[in-house]
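Notes follow the structure.
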Amino acid sequence: MLPNPVQAGFRQFSKVSAMSTVIPAPFPTILPVSESQKGFPVRRVYCVGRNYAAHAVEMGHDPNREAPFFFQKNPDNLDPSGEFPYPPLSSDVHHEVELAVVLKSGKRSIPAASALEHVYGYAVALDMTRRDLQAEAKKAGRPWEAAKAFERSAPIGRIMPAADSGFLDQGRIALSVNGELRQEGDLNQLIWKIPEIIAKLSELFQLGAGDVILTGTPAGVGSVQRGDLMLATIDGLPELTVRVI
Ligand code: MN
């Protein structure tokens, strides 16, 4: 079986592009793009922690500008289906509404001044979190994957090309559950701005086309239950409606 051409496009797979694979190659995650018949193939998913002061405070941290920190979800955790299956082994699953920035190119050491050249577009996303498992992990000094990188943990709306939306440096970001407003903020409250996030990430990692960056959540995170309907919105982007099942 030939590798999927999207995967074959990545350099690490180029040597096997003409070779069959011993098991079926995993299908890549491809996200819908607004007004396009073509999709956006995902390479990696990075998330920024504590990037709105009011959320840092509600989680018991200093709201001052410390160096940003990052964690990852898996590409196949992104889910445009509009349904979020309540995950096992948690009784406290939280919503975090976030602006997703998706890259059309990347490299190491990107200067903030030219970072926006690498942005393909933006989407509304949710960083769903098993808060109880995250609290245990924090307490024990353990990694966060069980809390953050579980199946379908990142519902995401249609991607809006930056060519259509312009640079999103301000605008309301909000989330309601069953019609009740839970989270509200403005993109102008981001502690680390989008060009700075890209610059900082690229010091740590070689960024590339297909990378998705979740930029942090405003205050008001809270639990969801099966049956809840989440509505996530950011000014200028297609809204995201997700049913907890
Ligand atoms: Mn988050």
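What number do you get for the chain when its Cα radius of gyration is normalised by 2.2 N^0.38 Å, N = residues? Please list the in-between numbers first.
On the way: Rg = 17.7 Å, N = 245, 2.2 N^0.38 = 17.8 Å.
Normalised Cα radius of gyration, the chain: 0.99.
Got a number for carbon plus sulfur as a percent of the chain's accessible area, 1.4 Å probe? Could the numbers behind the result be given before it?
Values: 6210 of 11720 Å².
It is 53 percent, rounded to a whole number.
Once you order the gyration tensor axes a ≥ b ≥ c over the Cα atoms, which shape class does segment 97-190 get: rounded for a/c under 1.5, otherwise prolate or oblate by comparing a/b with b/c?
Details: a/c = 2.11, a/b = 1.35, b/c = 1.56.
Here segment 97-190 falls in the oblate category.
Sum up the lysine pairs in the chain that clear both bars: alpha-carbon distance under 23 Å and a spacing of 8 or more or different chains.
Value for the chain: 18.
What whole-number distance in Å separates the alpha-carbon centres of segment 33-104 and segment 140-217?
Segment 33-104 and segment 140-217 have Cα centres spaced 5 Å from each other.
Sequence gap at least 6, Cα distance under 8 Å: using those rules, report the relative contact order of segment 128-245 to the nearest whole percent.
Value for segment 128-245: 27 percent.
Rank ALA125, ILE23, ALA146 by how far each Cα sits towards the positive end of the charge dipole of the chain (+1 on Lys, Arg Cβ; -1 on Asp, Glu Cβ) and give me just the farthest.
ILE23
What does the helix-only formula give at 222 nm for the chain: each DSSP H stretch with n ≥ 4 adding -39500 (n - 2.57), the total divided by the residues, and the result rounded to the nearest 500 deg cm²/dmol?
Working: 6 runs with 39 residues, N = 245.
Roughly -4000 deg cm²/dmol at 222 nm, from the helical runs in the chain.
Using Cα pairs under 8 angstrom and six or more residues apart, how large is the relative contact order of the chain, in percent? Mind dumping the intermediate values first?
Details: 583 pairs, mean separation 67.8, N = 245.
About 28 percent, as a whole number.
Quick check for you: with a 1.4 Å probe and neighbouring chains kept, what is the accessible area per residue of the chain, in Å²? Display every interim value, and only then the final one.
Working: 11720 Å² over 245 residues.
Roughly 48 Å² per residue, with all protein chains present.
Please report the relative contact order for segment 37-181, taking Cα pairs under 8 Å with a sequence separation of at least 6, and give it as a percent rounded to a whole number. Numbers along the way, then the final one.
On the way: 205 pairs, mean separation 36.7, N = 145.
In percent, rounded to a whole number, it is 25.
Would you mind counting up the charge near TRP144? Only other residues with Cβ under 15 Å from its Cβ, with Lys and Arg at +1 and Asp and Glu at -1.
+2
Which loop-located GluC sites (Glu not before Pro) does segment 57-153 contain, where loop means any DSSP state but H, G, I, E or B and the Cβ has at most 16 other Cβ atoms within 10 Å?
Details: sites: GLU58, GLU66, GLU83, GLU96, GLU98, GLU117, GLU136, GLU145, GLU151; in loops: GLU66, GLU96, GLU151.
Passing both the DSSP loop test and the Cβ count: GLU66, GLU151.
The values are calculated or read from the model by the stated rules, or taken from the named source; none is laboratory data. Please read these numbers as outputs of a predicted model, since none were measured by experiment. When we count neighbours, we look across all protein chains shown, and the Cβ atoms used for this are built from the backbone with ideal geometry, even at glycine. For the accessible areas, the whole protein counts, side chains as well, though only heavy atoms, and no ligand, DNA or RNA atoms are used. Shrake-Rupley method; radii C 1.70, N 1.55, O 1.52, S 1.80 Å.
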